[in-house]
Amino acid sequence: MIKSLLYKEWLKIRWAYLIMFGVFLLILAKIGLEIAYDIRQMDANAVWYNAVIRQQIFYSWLLYLPVLSGIVIGSVQFAPEISAKRLKLTLHLPLNETTILLLMTGVGFAALVLLYLVACISLSLIVLHFFPVQVLSSVLITALPWFLAGLIAYLATTMIFTEPVWLQRVLLMIVAWFFLNTYLLYSPRGGYETYTHALPWFILLSLFYIISILTPAQRFRRGVE
Amino acid sequence: MDFVVECKNLTHYYGNKLIYENMSFNIPRGSTFGLLGKNGTGKTTTINILNGYLKPRSGQCLIFGEDSQKLSPQTKARIGFLMEGHIQFNFMNIHQIEKFYSAFYPGQWKKEAYWELMAKLQVEPDQKIATMSCGQRSQVALGLILAQDPDLMILDDYSMGLDAGYRRLFLDYLSEYTRAENKTVFITSHIIQDLEDLIDDFVILDYRGVLLASTLDRFRSEFKQFRFDLENDTQLSLQPDELVSNFEQLKNRCTLYSFSDPAEVKAYLKSKQVNFKNFKPVPMSLEDAFIGLTGKY
């Protein structure tokens, strides 16, 4: 049964997921090619000066991509469930309802984690190709809130879709905006590791979504209108 | 008696609007129960309560002895559910959806029933359900329920959007299913004539709540339509009361619906000083009777 439920979720997200995978790889390729081009055009010292001394974030193209992917995957997964209230069919399946909802959300979440892992590994390989290993940890720590924001965007999208009352939907959108704004606001302009001290708080704040992820779907299930 | 569904004193409101108050009905095992009513009288609301998707303001429904708000997975496996409009997972094709559902009903899934219906459809094997016609989608939804082989089928307005051919096909398969031992059906439809040979018991809802709960046989034998002409073109104002269920008048031709016998109706009209002629009972179909009871508006 669980395998079958995962199969259904995969059918919904597969094309969007593969496209997002492609977009990530294209952007990462662009970042790598730009560094190589700058080294050839300017010289390595200038690239080093811009990237390390002036702390210009050379991979800022990645900034909004995790959030975009989170919204896209959440939408393609839950829009068909909410359209014509198909979630009723899903919840009618002979499985525990909480298990069903956790599995559904888990599929999108795990798919995004895999996507972000591949992106981080690819970014690491690009960084290590051009820079010493010491730069890598700064690069990844700086990008971590962006990927965290991607997961938050996914969870927020699922909640907004499953919430049955429009007023609460708007409230959830405002809360999501606050979260995403906080996670992404200063990152590209403030240099590396701007958020290092705030990261544990970000992770703690993210628990809000983990704890409340099923609440809107349970409200849908109870027929709240 | 062994009841599959027991609804006790259901009361529900949307905001301040009363849908029904203290509605009770039981569905015996092996019977077909119709919930009839015009649009907006609470049929889908009742189905949502039965499936646990809506908590009534008060009252309770038991399905196979379990509270409908807390149905166990084992009980859900015994209930086939057809959503209004034959809604299914329309991002799947007919192979994918059969593969998906079959895993949830091990030991009871009858894939032959599904493929028998699919063989009648003129669809490509990889055609998404979303691109099928309403009739074709209804066959997919019906095929899936038949393959599930549930003990109780809950069908929310199966006739919506179907032409006569698909409606007949749906009913033929449904009749076959109900003939099987101990299968129970809860059905709503806005095409009453289709249910004439199908349902055993029914409840009729109107905008004020439950109008009538009866068996089809009793309703047919007790509810009557009488026609008579007035001697002159006066406008009668007969309001529904203990004897009159409904009354219609077009010029001097009057139609009166009642559970009383002809002699009682005649005596009633005389007591109201109505000058009538050509008084006669008129046979009715179930749909005529439904409209007679609920009115045309």
Worksheet, complete the sentence: In region B:78-100, anything surrounded by 19 or more Cβ atoms within 10 Å (Cβ to Cβ), more than 19 Å from B:Pro125 (Cα to Cα) and more than 7 Å from chain A (Cβ to nearest Cβ) is listed as B:Arg78, B:Ile79, B:Gly80, B:Leu82, B:His86
Worksheet entry | Which listed residue, of B:Phe226, B:Phe219, is surrounded by 17 or more Cβ atoms within 10 Å (Cβ to Cβ), touching a strand residue (DSSP E or B) at 6+ places or on another chain (Cβ under 9 Å), modelled with pLDDT of 85 or more and assigned to a strand (DSSP E or B) | B:Phe226
Worksheet entry | Unique match (being in contact with an Asp or Glu (Cβ under 8 Å, 6 or more places away or on another chain) and either at negative phi or crowded, with 22+ Cβ neighbours inside 10 Å (or both)) among B:Leu152, B:Leu142, B:Leu171 | B:Leu171
Worksheet item: Quick one: how many residues across region B:63-77 are more than 10 Å from every other protein chain (Cβ to nearest Cβ), buried (at least 17 other Cβ atoms within 10 Å of the Cβ) and of a type outside the set (Gly, Ala, Ser)?
Response: 2
Response to the item:
Expected output for region A:79-98 (first residue at the interface with chain B (Cβ under 7 Å from one of its Cβ atoms) and farther than 17 Å from B:Ile145 by Cβ, partner outside any loop (DSSP other than H, G, I, E, B) and basic (Lys, Arg), Cβ below 7 Å, 6+ apart or cross-chain) is A:Pro80/A:Lys12
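Residue-wise test of (1) farther than 24 Å from A:Ala156 by Cα; (2) modelled with pLDDT under 95; (3) surrounded by 20 or more Cβ atoms within 10 Å (Cβ to Cβ).
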{"residue": "A:Ser60", "(1), (2), (3)": "no, yes, no"}
{"residue": "A:Pro66", "(1), (2), (3)": "no, no, yes"}
{"residue": "A:Lys85", "(1), (2), (3)": "no, yes, no"}
{"residue": "A:Thr98", "(1), (2), (3)": "no, yes, no"}
{"residue": "A:Leu101", "(1), (2), (3)": "no, yes, yes"}
{"residue": "A:Leu114", "(1), (2), (3)": "no, no, no"}
{"residue": "A:Ala119", "(1), (2), (3)": "no, no, yes"}
{"residue": "A:Phe130", "(1), (2), (3)": "yes, yes, no"}
{"residue": "A:Val139", "(1), (2), (3)": "yes, yes, yes"}
Item to complete: Keeping to region B:147-172, report how many residues are closer than 12 Å to B:Leu82 by Cβ, part of a helix (DSSP H, G or I) and modelled with pLDDT under 85.
Response: 1
Item to complete: Go through region B:39-62 and give me each residue that's within 9 Å of another protein chain (Cβ to nearest Cβ) and crowded, with 23+ Cβ neighbours inside 10 Å.
Response: B:Ile49, B:Asn51, B:Gly52
Practice prompt. Six or more apart or on different chains, Cβ under 8 Å: which pairs go from a residue in region B:209-235 that's of a type in the set (A, V, I, L, M) to one that's buried (at least 19 other Cβ atoms within 10 Å of the Cβ) and outside any strand (DSSP E or B)? Could you list them?
Written response: B:Leu211/B:Leu293; B:Leu211/B:Thr294; B:Leu212/B:Phe219; B:Leu212/B:Leu293; B:Leu216/B:Ile199; B:Leu216/B:Leu286
Practice prompt. Could you tell me whether B:Glu264 is surrounded by fewer than 17 Cβ atoms within 10 Å (Cβ to Cβ), modelled with pLDDT of 90 or more and among the acidic types (Asp, Glu)?
Written response: yes
Discussion item. Looking at region B:180-189, can you tell me whether even one residue there is touching a residue at least 12 places away in the same chain (Cβ under 8 Å), part of a loop (DSSP other than H, G, I, E, B) and surrounded by fewer than 12 Cβ atoms within 10 Å (Cβ to Cβ)?
Written reply: yes
Worksheet item: Among the residues of region A:17-47, how many are without any contact (Cβ under 8 Å) to a residue 60 or more places away in the chain and either surrounded by 14 or more Cβ atoms within 10 Å (Cβ to Cβ) or in a helix (DSSP H, G or I) (or both)?
Response: 17
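The values are calculated or read from the model by the stated rules, or taken from the named source; none is laboratory data. Since we're looking at a predicted model, the values are computed, not measured. Glycine also receives a Cβ, built like all others from the backbone with ideal geometry; neighbour counts cover every protein chain displayed.
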